[in-house]
Amino acid sequence: MSAEQSPGDEHCLALVRQHDFDRYLSLLFAPEAERGGLAALYAFNMEVARAREIVSDPMPGEIRLQWWRDALQAPAGGDADQHPVAGAIRRTIETYHLPLEAFLNLIDARIFDLYDDPMPCLGDLEGYAGETSSALIQLAAIVLSKGTDPDTAEISGHAGVAYALTGLMRALPWHSARRQLYLPADLLDAHGVDRETVFRGECTPALKAALRELAGIAHSHLARTRARIDGLPAAVVPAFLPVCLVEPLLERMAHQDFDLFAKPPELSRLRRQWILWRSWRRAGKRV
């Protein structure tokens, strides 16, 4: 089963390429028949993830997220189907029998992005990552399995948390500039991190220690992912390819002594593409 090509597919693909290049690269390793569904999934994710950047304050952001809830649940043939991304993701949900609840939970999790409330604890951060990053990997795996359950929920959970924690650490300078912190409060308190120093862009020894611990947690989830990788169906490998970037990014952070404000860790587009290709080749050799 595969989704039929539609005018929205090209729009979704362009949106993913512009705003989520890692997942765009992973699409290149997916079967052509499923690329449209994956592009719709990742474009939907970008639409809700960018809510804070698009609106001026939380209330319009809440309205925007509510629009997406309503669009996903609207009857067929309505205005939602005319929106290029909404129409594409609605077709993808129907074609691949994707669970609507996962999309609604992802939208609800993104409400946190609209405000400057602190992330209370590590468990809350892992839960946020699970509802967003992990859910996206699991949904992509279902698409790649042509609508059947690939039994990848557990590995998707660990892979998504590892990927999300790494991404949030990389984005620390950007988030702190707008006085938003995804770093869990219990972790910051355990290391005596003064929030105001973070907001001022100061990478203090206390903050470096907190980041090292969070990187260790990301490594732990990555190790649990690798422990289950041999049981991963070959068809769903493209859903997990962006997670291959976690280790090299964490290595860059450690090499730079976790001074993320001085030089946020980055990998060139060419190197990212090579890492994904290498991982894809390794996966192909075991089947």
Please work out how much length the chain gains when fully extended from residue 234 to residue 186, using 0.36 nm per residue of separation minus the C-alpha to C-alpha distance, in nm with one decimal.
13.4 nm
Surface share of carbon and sulfur [accessible, 1.4 angstrom probe, percent] for segment 1-99
52 percent
Carbon-plus-sulfur fraction of the accessible area of segment 124-245, 1.4 Å probe, in percent?
54 percent
Send over a whole-number figure in Å² for the accessible area per residue of segment 16-161, probe 1.4 Å.
40 Å²
Sequence-separation-based contact order of segment 1-104, relative, with Cα cut under 8 Å and 6+ spacing, percent
35 percent
Of the residues 26, 133, 220, which exhibits the maximal mean-square fluctuation in a Gaussian network model of the chain defined by a 10 Å Cα contact cut-off?
220
Grab the eigenvalues of the alpha-carbon gyration tensor for the chain, scale each by 5, take roots, and send me the semi-axes largest first in whole angstrom.
31, 24, 16
Rank by packing, highest mean first: peptides 203-211, 190-198, 163-171, with packing defined as the count of other Cβ atoms within 10 Å averaged across residues.
163-171, 203-211, 190-198
Phi-derived 3J(HN,Hα) across segment 55-69 with the Karplus relation (6.51, -1.76, 1.60, θ = phi - 60°), rounded Hz, x for Gly and Pro, is 9, 8, 7, x, 4, x, x, 4, 5, 4, 5, 5, 4, 5, 4
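The values are calculated or read from the model by the stated rules, or taken from the named source; none is laboratory data. All values reported here derive from a predicted model rather than from experimental measurement. When we count neighbours, we look across all protein chains shown, and the Cβ atoms used for this are built from the backbone with ideal geometry, even at glycine. Remember, those area values only see protein heavy atoms, side chains included, never the ligands or the DNA or RNA. Shrake-Rupley method; radii C 1.70, N 1.55, O 1.52, S 1.80 Å.
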